[in-house]
Amino acid sequence: MEINDTYYSHETAIVDEGCQIGGGTKIWHFSHIMHGAILGENCNIGQNVVISPGVVLGKNVKVQNNVSIYTGVSCDDDVFLGPSCVFTNVTNPRSAVNRRGQYAKTHVGTGASIGANATIVCGHDIGRFAFIGAGAVVTKNVPDFALLVGNPARQTGWMSEYGHKLKFDGNNKATCPESGQVYELNNGIVKRIS
């Protein structure tokens with residue numbers, strides 16, 4: 001076990017030189033943080049996770065077991081990446097064709113959750129507080145607060161910042177049952193108004 005002044009790394013984890021790792025971050029068994037990766041404060045990196053060069057994770061990002069985060073991916077604060085979810089970074093991979101350096105970018109907004117075994121096809125951004133269901137295959141940009149499920153992923157509703165499905169009334173308003181926060185749906189865009 002390696003305990004650094006600012007972060008914890010299990011003895012089986014590999015943390016390459018040249019990473020930036022924020023204080024309070026924990027890196028668990030058999031994970032590999034590659035050169036040039038940037039992890040914010042208080043992240044939790046589960047077992048058997050790969051974080052490739054150039055990946056940027058904000059503060060308090062939770063990465064569950066068996067997740068692969070490839071070059072070109074960035075996540076804002078408070079993102080949740082469920083077990084075995086994966087990000088791609090090349091749209092047309094071929095073993096015999098080197099496309100290194102042609103990586104498409106994917107950005108995951110603040111507070112978004114990506115469910116277990118979901119796949120995020122590169123070049124598509126995930127909005128703030130969006131919720132991607134388990135096993136979904138995301139093939140397009142995802143709006144803020146959107147709930148997507150299935151393969152290919154389809155939007156089936158909207159979610160609150162606390163992760164509850166929103167039920168909009170005739171005035172296009174919805175209240176989160178846990179937080180009491182009020183949301184408004186206007187022209188296909190959800191915003192929290194209180």
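Numbers for the structure displayed
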item	result
Hits in the stretch 1-56 (condition: assigned to a loop (DSSP other than H, G, I, E, B), among the aliphatic types (A, V, I, L, M) and more than 22 Å from Ala116 (Cβ to Cβ))	Met1, Met34, Ala37
Residue count for the stretch 57-107, restricted to those that are closer than 24 Å to Thr25 by Cα and in a strand (DSSP E or B)	14
Within the stretch 107-165, considering residues that are of a type in the set (S, T, N, Q) and over 16 Å from Lys191 (Cβ atoms), the one nearest to the chain's Cα centre (by Cα)	Ser113
Set Val56, Val61: member being surrounded by fewer than 20 Cβ atoms within 10 Å (Cβ to Cβ) and either over 18 Å from His10 (Cα atoms) or in contact with a Cys (Cβ under 6 Å, 6 or more places away or on another chain) (or both)	Val56
Residue satisfying all of: in the stretch 155-192; among the β-branched types (Val, Ile, Thr) and more than 21 Å from Asp77 (Cα to Cα); surrounded by the most Cβ atoms within 10 Å (Cβ to Cβ) among these	Thr175
Selected residue (criterion: surrounded by the most Cβ atoms within 10 Å (Cβ to Cβ)) from residues of the stretch 64-89 that are free of Cβ contacts under 8 Å to residues at least 24 places away in the same chain and out of contact with any Pro (no Cβ under 9 Å at 6 or more places or on another chain)	Ile69
Flag if Gly150 is small (Gly, Ala, Ser) and touching a residue at least 24 places away in the same chain (Cβ under 8 Å)	no
Flag for Arg128 being modelled with pLDDT of 95 or more and either basic (Lys, Arg) or assigned to a strand (DSSP E or B) (or both)	yes
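Quick grid of which residues meet (1) touching a Leu at 6+ places or on another chain (Cβ under 7 Å); (2) farther than 19 Å from Ile51 by Cβ:
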site: Leu81; (1), (2): no, no
site: Val90; (1), (2): no, no
site: Val97; (1), (2): no, yes
site: Gly109; (1), (2): no, no
site: Ile114; (1), (2): yes, no
site: Ala118; (1), (2): no, no
site: Phe129; (1), (2): no, yes
site: Gly133; (1), (2): yes, yes
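The values are calculated or read from the model by the stated rules, or taken from the named source; none is laboratory data. Nothing here was measured: the structure is a model prediction, and the numbers come from that model. So basically every Cβ, Gly included, is an ideal-geometry build from the backbone, and we count neighbours across all protein chains shown.
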